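What follows is a set of notes on a single structure, which appears directly below.
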Amino acid sequence: MMINGLEKNLMDSLKIMIVEDEADICDLLSDYLEMKGCKNISKISTGKEANIRIELEKPDVIFLDIQLADNVRGLEVLKKTKELLPNAKVVMMSAYKEEHGQESQELGAYDFLKKPFHTDSVDQVLKRIFGQKEGEN
Amino acid sequence: MATLQNRFHELANWHQKIIFSAVMAKEILLDEDVTQLPELQLREILFRSINILSKVDQYVIAADKTIDEMKSFIYKKVSPDVDITSQNK
């Protein structure tokens, strides 16, 4: 089930990375994105691994949890990602928007999903990203 | 560490899992015209959907356990009869 109005080719080509220490949330978000037509999805649970694989895989979109399994803060990963890949769209995920929203924005996060978020919010973020990518092409 | 902040974080994660599971189970069924599918394929789709739904009750119970723990802690610090709407203004 695709997201209305989005090009299949763009969905296929997009490299997505999910950095989330809760395995069930990581799997469910991945399954959801796959169901929406995204083909290229990586799943990571620690900040240390995220830092390595972001540099190697150069994802277009990263869904990044702020609290990670190895206590590397998601905000540190965001900062490093924006230095390495300034065009990557990093979508922060946390229950604490009040505490981390401002800092995320200052560090260049594309968006902030406050947990718990509905899948509609994921659709909206993807539509905005695809809208921009279509404009770039 | 069992801080109140960590418990709120846990609670948000349980709710996150409940939302995603409910949507996934629904979309698996909506994605296909189930009335037109061969039996084997229909069984597979139903099995996937039931598999996801079977976790929802576990998530709800876990979320409730977290709420109970938070409630007993908060009630010791703040009277349960305090009007929190007026306190938040």
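Odds and ends about this structure:
- Calculated [θ] (222 nm, deg cm²/dmol) that DSSP helices of n ≥ 4 give over the protein assembly as shown, each run adding -39,500 (n - 2.57): -20500 deg cm²/dmol
- From least to most packed, judged by other beta carbons within 10 angstrom and beginning with the fewest, B:Lys55, B:Lys17 follow the order B:Lys55, B:Lys17.
- Between helix A:47-57 and chain A: long-axis angle, C-alpha atoms, 0 to 90°, nearest 10: 40 degrees
- Which listed pairs, of A:Lys43/A:Lys114; B:Lys17/B:Lys65; A:Lys114/B:Lys17; A:Lys39/A:Lys114; A:Lys39/A:Lys80, have C-alpha distances above 18 Å, in listed order: A:Lys43/A:Lys114; A:Lys39/A:Lys114; A:Lys39/A:Lys80
- Degrees separating the helix A:119-136 axis from the principal Cα axis of chain A, which is the longest one: 70 degrees
- Relative to the longest principal axis of the Cα atoms of chain B, the long axis of helix B:4-30 makes an angle of roughly 20 degrees.
- The H on the amide N of A:Met93, modeled in the peptide plane, is under 5 Å from the matching H of A:Leu64, A:Asp65, A:Ile66, A:Leu113, each at least 5 residues off or on a different chain.
- Counting Cβ atoms of other protein chains within 10 Å of each residue's Cβ and taking the mean over peptide B:11-23 gives 6.
- Shown in residue order for the range B:62-76 are the 3J(HN,Hα) couplings computed by the Karplus curve 6.51 cos²θ - 1.76 cosθ + 1.60 at θ = phi - 60°: 5, 5, 5, 4, 5, 4, 4, 5, 5, 4, 5, 5, 5, 5, 6 Hz (x for Gly and Pro).
- Average beta carbon contacts from partner chains per residue of A:107-119, 10 Å cutoff: 3
- With R₀ set to 41 Å, the beta-carbon distance separating A:Glu83 from B:Arg7 gives a calculated FRET efficiency near 0.75.
- Sequence-ordered 3J(HN,Hα) estimates for the range A:15-22 from the Karplus curve with 6.51, -1.76 and 1.60 and θ = phi - 60° stand at 9, 10, 10, 10, 10, 7, 7, 8 Hz, glycine and proline given as x.
- Once the C-beta distance of B:Ile84 and A:Lys48 is scaled by a Förster radius of 45 Å, the resulting FRET efficiency is 0.65 to the nearest 0.05.
- Using C-alpha pairs under 8 Å with a sequence gap of at least 6, the mean separation divided by the residue count of chain A gives a relative contact order of 21 percent.
- Interchain or long-range residues, amide H under 5 Å from A:Asn40's placed H: A:Ile16
- Taking Lys and Arg as +1 and Asp and Glu as -1, the other residues whose beta-carbon sits under 14 Å from that of B:Gln41 total -3.
- Positive-pole candidate from A:Thr81, A:Leu56, A:His118, dipole of the range A:39-137, charges at beta carbon: A:Leu56
- What the Cβ-Cβ distance of B:Gln36 and B:Val56 gives, at R0 = 22 Å and to the nearest 0.05, is a FRET efficiency of 0.20.
Every read-out reported here was derived from the displayed coordinates using simple, explicitly stated rules and does not represent laboratory data. Here the structure is a predicted model, which means the values were calculated and not measured. In this analysis, Cβ positions are derived from the backbone assuming ideal geometry, glycine residues included, and neighbour counts consider all displayed protein chains.
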